[in-house]
Each structure stands twice: as C-alpha cells, then as structure tokens.
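The values are calculated or read from the model by the stated rules, or taken from the named source; none is laboratory data. Every value quoted in this text rests on a predicted model; they were computed, and no experiment measured them. Note that each Cβ is placed from the backbone with ideal geometry, even for glycine, and that neighbours are counted across all protein chains shown. In case anyone asks, the SASA skips ligands and DNA or RNA and just uses the protein heavy atoms, side chains included. Shrake-Rupley method; radii C 1.70, N 1.55, O 1.52, S 1.80 Å.
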There are 2 protein chains.
Amino acid sequence: MRSADPVDLDAVDAIRHDRVDWRFKGLPADAFGGTVGELVDRRPDLFADGFVGPLVVLDAAALEHNLATMARWCAEHGVLLAPHGKTTMAPQLFARQLAHGAWGITAATISQVRVYRAFEVGRVLLANQLVDPAGLRWLADELADETFEFTCWVDSVAGVERMTEVLGTPPRPVDVLVEVGAPGGRTGARDHDTALAVARAVRASPALRLAGVGGYEGALAHDASPGARATIDRYLESLRDLAVRLRDEFEVDEPVVTAGGSAYFDQVAAALTREWPFPVRPVLRSGAYVTHDDGFYRGISPLGRTPGAEPFRPALRAWAQVTSRPEPGLALLTLGKRDASFDEGLPEPQLVRGRDGAVRPLDAEVTALNDQHAFLRLSPDDPVEVGDWVGLGLSHPCTVFDKWQLIPVVDGTTVVDLVRTYF
Amino acid sequence: MRSADPVDLDAVDAIRHDRVDWRFKGLPADAFGGTVGELVDRRPDLFADGFVGPLVVLDAAALEHNLATMARWCAEHGVLLAPHGKTTMAPQLFARQLAHGAWGITAATISQVRVYRAFEVGRVLLANQLVDPAGLRWLADELADETFEFTCWVDSVAGVERMTEVLGTPPRPVDVLVEVGAPGGRTGARDHDTALAVARAVRASPALRLAGVGGYEGALAHDASPGARATIDRYLESLRDLAVRLRDEFEVDEPVVTAGGSAYFDQVAAALTREWPFPVRPVLRSGAYVTHDDGFYRGISPLGRTPGAEPFRPALRAWAQVTSRPEPGLALLTLGKRDASFDEGLPEPQLVRGRDGAVRPLDAEVTALNDQHAFLRLSPDDPVEVGDWVGLGLSHPCTVFDKWQLIPVVDGTTVVDLVRTYF
C-alpha cells in the first residue's frame, strides 16, 4: 500500500473557483458572479466594501496561532493528532491542520466522510460504529483506493455482525477500534468483558480488522473540577487497561489508542503516552482548538488552566448591526439562532463600532436569541445607536460553523480569505 | 407599474438541474453527479435505495394539507398572507405558497431578500428596519425592477435618517411600515407618540413612503393561556389604534396593517379585519404552518385549540439509526444538534423501523442531544437493535430547515421530490 497523501490540495484550492452569489449570507453584492478567489484577491474591507450583516468572521492570526500551538503541544507531548473535522467541516482548514502535522482527520458520520473523501483526505477516523448499509457499501467502494486509510469504531457484537453482513468479504478488511465507554457515558462497551467479546467478533469477521482501542472522555464530565478530572483519569485508565488486555487480539503491529476532545486532552495525552508494554500509536482527536471560543472552551481548555501554557486564542467573532433601540437599556441586533451558537452560552458582546469607524469596548449582555434577533441589554445611558456594529464572542464553535457556508477570514478589518464549509 | 409576477417559476424549476453530490447530507451515492430532477424521477425508496442516516424528510400529503388549510383559512377570514419565508428558505415552497394565493413572502434579513430576488419573488416584506448601508444600496439597485414590490419596517427617527442618508433620492421611494411594539417586547416603537414622530420623519424623507403599520405579537407571550391571549389582544388593539391615528399620514391609498406569527394568528385576523374607518390591507405573516411541528406549534397553534377547526399536520420527521445499545434502557442515535432542532424541545421518538422493514410505535424519550448523537432512553426490555431506524417528530421548524440543504419529500417511504434550502 502506498502511503496516504494527506489531502488533495488541488481540490482544496479549487474552492477559489467557486462562484460567489446570493447563496452565501453577507457577501458583497458586487462580487456576485465572480469567484471566491477574485473576492479574496481584492482584499476587501469588512465594513467598507459591501459586506452586509450579520457576519461571522475568523481571525487570521488567532487561527494560525491555534494551529501552530496545538501542533507544537502534540509534538512536545508525543501524541498524534487526528482533529475532529466535524467542528468546521472546512477542507481548507483540514489542509492547514494536516500541513501542521495532523496525522488524520476525524469524522462523526458517513456523510462527513464523503465530504472528506471529495477532497481525498488520506486518513480518516470515523468515531462511531457504522451500521448504515448504504454507508457501508459506499465505504467498501471507496476502499478500492488503496491509499485510503480508514478506521471506525465498534462497540457491540451486534454491530460487528451487521457490518460483516453488509461488507461480506471486501478487497481489504475495514480497520476498527473497539470503543470502550463508561456507565453514564455515551457510546462504547460498558465493561471489558463486553469489549473483549467485541474484539473476538472482529477477529472472527472476514470484513474487519482489529486495529486498536478508542474512546471519548468528554461525555463523562463538563468542568475542570478535581472530581471531574478524577472521573476522566479513571476512564483513561480503563481505556489503557483494555488496550493491554487486548494485546494478543490486535491484528496490526502498532494498534491505535485514541481519545480526546478539547476539554481534557492534557490528561488524555498523559495517559496515552505513559510507558506501554508494546508499541501503540497514541492519537488525540480534539477539534475545537482551531478556533477556540469565548465561552465553554475558554473556561475548560487545558491550555487556559495550566500555568505557563500558551493558551489558544478565540478566532471566531460575530458582527451584527443594531436594528432597533426601542427602550433605554435595550438594543436589538440582526443576529439570531440562524447565525450564532446558543447551546453552550449566548454570544458575548465585546465591542461596538460606530458609524465613524471608532471601536470601543461594550459592557452589555445578550439575554435572548430569537431566530433572527438578539436582545442586547446595556446600561440605560449607553450611546449605542441604530446602525452601529456590535462585535460578539461566541461559545462552542461546532454550532457556529454549521450556520455559515463561506466565512471571511480577517486581518484587522481586511478580508484575506474565505473559508467554505460543507454541512 | 406592472403588477408583480409572484415568483419566477423557471428559476424555481431550475433547481431540478442542480447537481446532487457529497455536499448534501444523506443522499444516495449512486445519484452523485446526476441532477436533483433525475434522482426525484427515479422515485427512490427512503430505506432501500441508498439514502444514509440521519435524514430529515417532509411528508408530501401533510405539506399539501397545510398549504391548502392555511389558504382556505385566510380566505375565509378575509386576510392576506405573506408567509414568513425564513422558516424554510425554500423557493420551491414559496412557489407553492404563492400558488395557494399567498400575497407575498416575508423576510428577516437583507441576505434573505437577496435569495428571494434570485427567484424574482415579486412582493417582499422585510420585517425589520433596514439600516445596513450595503444592504440599502443593493435594495436601491434592485428597485430598478419596477415590478418589485418591497416594504420594510421603521421604528425610529434615527433609523429613518440612516435609511434616507444612504438612499438619497432613489428612482422610487422605499415603502415602509411604522412598527409598533410594546414594553417588554422586541423591536417596534414603544408608544404612539414615538410612532407618530417616525411616521412624520418618513413623510419628510424623499427616500421613503409611508405605506402602513406593522408589528409582531409573538414576542409578547408564549402560551395560549387566557392571560397570554389577553396580552396579545391588547397589543393588537394598540396596533389598530395606531393605524387609525396615522390615517392622514399614509402616503398610499390602502395602507397595509400586518402582524401574525404562527401562535395567535386567529386573534390577529380578528383584530385586523374588524371594521375600519378607511380601506386597509390586513396581512398575516405566519410561516411555520407549512410544516407545523410535533412540539411547540402543536401545543399553541390556533387551529389545534379551536374546536371544529381543521388542524395543521406535522410534515417534518427525522430518521436516524441506532448506532449503539451500550446499556439496557439506552440507545444512541446518529442524530445531533447538526441535524435536529433542540431550542424549543428535543426530538420526540415516535416509531422504530426494524431491519425487516416492520414499523412499530416507540415509547421512548430523547434526553439529550450532542453535536452528532441523541441519547434515547427507553424501557429496559425494549428490543430496539443496533441498525434500527428511529423516526422522530421535531419542534420548531425554523431550526430544522437551516440544518438541511436538500430535503426529501416522501409519500410513504417513496421520495417524490427534493426541496432545496438557501441559508
């Protein structure tokens, strides 16, 4: 088998040839009919050159900082990184993650894997058991490309049986990791005897090859308290113990052992890189680091709470205009549930930009989002006016990216790139 | 001015020529590279012909029932309907609403208006004050099409001034409605003196023409209790009173008076069609009726709580597969915040479809959604298996449509159309 190319850079670059038009929220009307590349090459100003609100933008410097910081951190800690691509679903960002040394890209669904493969991402982890017959048949066809390295989860004998039934005897078996969970958690075998039975079912299947052990600690805790961190550590020990117990079951020389969202990846790296009795590949799957945030991940990121660590920087910002000032202390913004995340905290007002272009800090709070409006509560004597732009930090990037198909990347107020998402 | 064509049916029909591929979640891989029309013409089966989960589908019969029911109701009650298109952002559905007699289509943002105009929707209400300079300039250009009837809201003298400043002296003035709100509400002038000042500012503006009065009752209450309904009635009386007070200010012969979401449109119709001292056009803007739902609107729809009325039917359903059965009483579905609404109640499990195709009712509850997973709690002895499909009702259609770009319309399990959305 040839070694996988990380991604088809020509396909990624071809996004520059996509047509800009009314399908994309917020872009300048005078760019309609031209291409993404033509608009980017103009280096338009976000506030002077025809963009309409609301907008969500990515900060070029913060993005590059986060990519480099995570790459360095993983290298220093001896872990491979297969960032979860579901966060952004943006092949341009996948290419940059891979250029920064990412080992592969993780997906949540087979529809996402199809997007990845349209850009020939060479190594894909599907962090779920795949039992959809049509999805499995598509996968079997896709595996005809011998450079494609694909791995998915299994967590039940029933799942192994369904996969085997659909796949039959494929040209090469599908690599799978036994997923271990924990009581109260999400997917994953709840005990090691179950996991061992799953592993043996995989070995008995002509369609599958046992390639390691996987899990996800992020469903077990939601803060950085000592109790939460101890829960995470116990789970990671269970993951390690299972990998050791399965040593003689693996059908590859160097099994993958993987876990890691964006909240506890320090503990994951520590657990996965402690000495092993045999060679393993320790793989993190954190995805949200690319943009970080001004909410949930700001509060929980290991690099934010570890003294001396270089923290990630928030790279996402929403800009929306004041459309109404109906009462003292209340402004309505043209930003709603269609534009901003609201599931892990509401947008955080940070700045106001007046009609003269002057920017000042804003002391205010978003108290509610409707489909297309934000309620901004502010001091009764705040001079925010109808037409002013308000800049807002966002929490939970996963539910921001899926609301935007073409996202300006800015250096200051200059648009230097446009990132395409595929949800 | 020529009378507006309701919509460019050729442009709507051209959606059939769009290419089907990996950009669209869930569609059959063997249709990739072909067109929407080709896939529809095959009449594929949702469960046998290559669709992959999770999916959201529209029920063809429920859709048609809702379109016809609302059209009949509006005709019987003497109100015009400009349904809020932000619910679906689907020109194919706009065309059907217009074919059922809708008077126009309502939008929330200028980016939405641009989508409407790509399909030449002839009459558009923008239910917000438009103060974005780039948006106003685009609008001024668009008004060069003399058949385009456009109306937006104004609720402050500052807003009128900003609009006037950008628009200058356009070829024809922009029609505006003075928006009246209420304390504790969303946008809209909080008292009639303010509204009168706004109306006079409009009259003084060469860029604007005062064409009526608008408002939105839905932000003032959230249930159908007598107290909530009384609040709505008081607001509607205020809207009426303002229209009467502005009688001599209007710059059109027959001003528009408009309100109406999907929760209280019976009260809105009653208030707007009571005898007026001068001719007015009463316009409802309800949008969610097209699909109705299995949650918020099921609970509050006037046609559901009025004895003898023909209720709307839920037209949206999600289908997702069981990807894991890690504990008795717990199943994980391949359905998450990326696929289903979660802001007005979680998805409601209704049916399970086993591998043999047999469908049975399901007594279960979705207790949480992650980005890409649903937690399904069920009876410990429920025989749901890994790979089974679960059918779920959804609440709040507005936050379902924006997660899907091409939605199968089904008659039973046969796909008879695909509806394209533009968010």
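Assorted remarks:
- Net charge in the neighbourhood of residue A:359 (other residues with Cβ under 13 Å of its Cβ; Lys, Arg +1, Asp, Glu -1) is +2.
- Counting all C-alpha pairs of the range B:24-112, share separated by more than 22 Å (%): 45 percent
- Measuring nothing but protein heavy atoms, the accessible surface of the protein assembly as shown at 1.4 Å probe radius is 48 percent carbon and sulfur.
- DSSP finds beta bridges in the protein assembly as shown, and of those with both partners inside it, around 55 percent are antiparallel.
- Cα-based values for the range B:114-159, radius of gyration first and Dmax second, are 10.9, 33 Å.
- List of the range A:27-57 residues, accessible area with partners at least 50 Å² below that of the chain alone (1.4 Å probe): A:52
- Across the identical copies, how the residue A:277 labels are spaced - nm, sorted shortest first, 7 Å along Cα→Cβ: 9.3
- Ranking B:153, B:73 by solvent-accessible area of protein heavy atoms (1.4 Å probe, all protein chains present), from largest to smallest, gives B:73, B:153.
- For the protein assembly as shown, adding -39500 (n - 2.57) for each run of n ≥ 4 DSSP H residues and dividing by the number of residues yields -8500 deg cm²/dmol at 222 nm.
- Shape box of the range B:77-197 [Cα atoms, principal axes, largest first, Å]: 40, 35, 23
- Whole-number percent relative contact order across chain B, with pairs defined as alpha carbons under 8 Å at least 6 apart: 19 percent
- Beyond 50 Å, the tail of the calculated P(r) for the protein assembly as shown holds 18 percent of the Cα pairs.
- Rounded tilt (10° steps) of B:157-167 against the dominant C-alpha axis of chain B: 90 degrees
- Options A:31, B:419, A:268, ranked by Cα towards positive dipole end of the protein assembly as shown, top entry (Cβ charges): A:268
- Lys/Arg +1, Asp/Glu -1 at C-beta; the range B:134-191 dipole; positive extreme among B:168, B:135, B:185: B:185
- The relative contact order of the range B:1-130 comes to 28 percent, based on Cα pairs under 8 Å that sit 6 or more residues apart.
- One way to sum up the overall shape of chain A is the equivalent ellipsoid from its Cα gyration tensor, whose semi-axes run 41, 25, 18 Å, largest first.
- Rounded to the nearest 5, the antiparallel percentage of DSSP beta bridges internal to chain A is 55%.
- Alpha-carbon centroid distance for the pair the range B:125-140 / the range A:400-419, whole angstrom: 22 Å
- In this assembly, the B-A interface accounts for approximately 6000 Å² of buried accessible surface in total, computed with a 1.4 Å probe and without ligands, DNA or RNA.
- Copy-to-copy label distances for residue B:48, where each label lies 7 Å from Cα along Cα-to-Cβ, are 6.3 nm in order of increasing length.
- Sorted largest first by accessible area at a 1.4 angstrom probe radius, with every protein chain in place, the residues B:359, B:157, A:409 fall in the order B:359, B:157, A:409.
- With the label put 7 angstrom out from Cα along the Cα-to-Cβ vector, residue B:145 ends up 4.0 nm from the copy partners, going from closest to farthest.
- Among A:223, A:233, A:132: highest mean-square fluctuation, GNM of chain A, C-alpha pairs under 10 Å: A:132
- Residues losing 10 Å² or more accessible surface upon assembly, the range B:400-416, compared with the chain by itself, 1.4 Å: B:402, B:403, B:405
- Every pair of different Cα atoms in the range B:122-286 enters the Kirkwood calculation, which places the hydrodynamic radius at 16.0 Å.
- Listed peptides A:196-204, A:90-98, A:315-323, B:302-310 appear in the order A:315-323, A:90-98, A:196-204, B:302-310 once ranked by packing, highest mean of other Cβ atoms within 10 Å at the front.
- Mean per-residue shielding of peptide B:213-220 is 1, counting Cβ atoms of other chains within 10 Å of each Cβ.
- Once C-alpha pairs closer than 8 Å and six or more residues apart are averaged by separation and normalised to the residue number of the range B:122-286, the relative contact order reads 18 percent.
- The residues of chain A have, on average, 34 Å² of accessible surface per residue, using a 1.4 Å probe with all protein chains present.
- Lys, Arg +1 and Asp, Glu -1 on Cβ, resulting dipole of the protein assembly as shown about Cα centre, debye, nearest 20: 280 debye
- Degrees separating the helix B:60-77 axis from the principal Cα axis of chain B, which is the longest one: 30 degrees
- Across peptide A:156-164, the average count of Cβ atoms from other chains found within 10 Å of a residue's Cβ is 3.
- Solvent-accessible area of residue B:131 with every protein chain in place, 1.4 Å probe, in Å² to the nearest 10: 10 Å²
- Highest-fluctuation residue, B:88, B:291, B:169 considered, GNM on chain B with Cα pairs under 10 Å: B:169
- Among B:206, B:380, B:347: highest mean-square fluctuation, GNM of chain B, C-alpha pairs under 10 Å: B:380
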